[in-house]
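Throughout, read-outs are computed from the coordinates displayed, never taken from laboratory work. These numbers come from a predicted model, not from an experiment. Here Cβ is always computed from backbone atoms with ideal geometry, including for glycine, and neighbour counts include all displayed protein chains.
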Amino acid sequence: MRLSRALGMPLTPKCVKYFERRPYPPGEHGRKRKNTSDYKTRLLEKQRLRAQYDVSETQLRLAFDRARKQGRNTGAKTGEALLLDLESRLDATVLRAGFARTIYQARQNVTHHHVTVNGRRVDRPSYRVEPGDVVAIAERSKPKQPFQVAASGAHAEAPKYLDVRLAELTCFVARRPQRSEIPVQCEEQLVVEHYSR
């Protein structure tokens, strides 16, 4: 909750009501903070992106380096390439498919061996899924209560680039997402400027 208030956005559905009650940063001087610099604006945007994907600084830096290299090779924008790289993570795919309520739950599901990719168990949240991959919940895990809740459609609706069968808890990655299909609150150009300084 403190992190949500510090970043100026609710990170989980549970934080929404608390954030609405106190939409200012935490701490003694939370309401009084007014001064912003260019550096602070870019840093805050980078921290927001990190928190939404629950990645470390090192992981985000590596993703940025891959995106910059890909942008040079293909002529794509570095910011969009960065978001596409982060969106192809296994934990992000599990979240978007509706198998988990938050990115934290999705990450835990992956590390606890509940998720398979093309029939093989994968326990690395940073595993990159490709178009044509099938992400599913393992057969032994399907009867568990959190996955029964997910199968009932209690979580977010899946985007169009994923072909999801909630009743079977399987997801087919049809293609790479477009920027408009990525539900992340971020001005990626500010993140690129932060790392390019």
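General remarks:
- Sum of -39500 (n - 2.57) over DSSP H runs of 4+, divided by residues of the chain (222 nm, nearest 500): -13000 deg cm²/dmol
- Rg/Rg_ref, the chain, where Rg_ref = 2.2 N^0.38 Å and atoms are Cα: 1.08
- Over 28 Å between alpha carbons, listed pairs LYS17/LYS40; LYS40/LYS69; LYS14/LYS160; LYS14/LYS144; LYS14/LYS46; LYS14/LYS77: LYS14/LYS77
- The range 71-176: relative contact order as a whole-number percent, Cα under 8 Å and 6+ apart: 27
- Residue ranges 85-92, 185-192, 136-143 sort as 85-92, 185-192, 136-143 when ordered by packing (mean number of other C-beta atoms within 10 Å per residue, highest first).
- Estimated dipole of the chain in Debye, rounded to 20 [Cβ of Lys and Arg +1, of Asp and Glu -1, Cα centre]: 660
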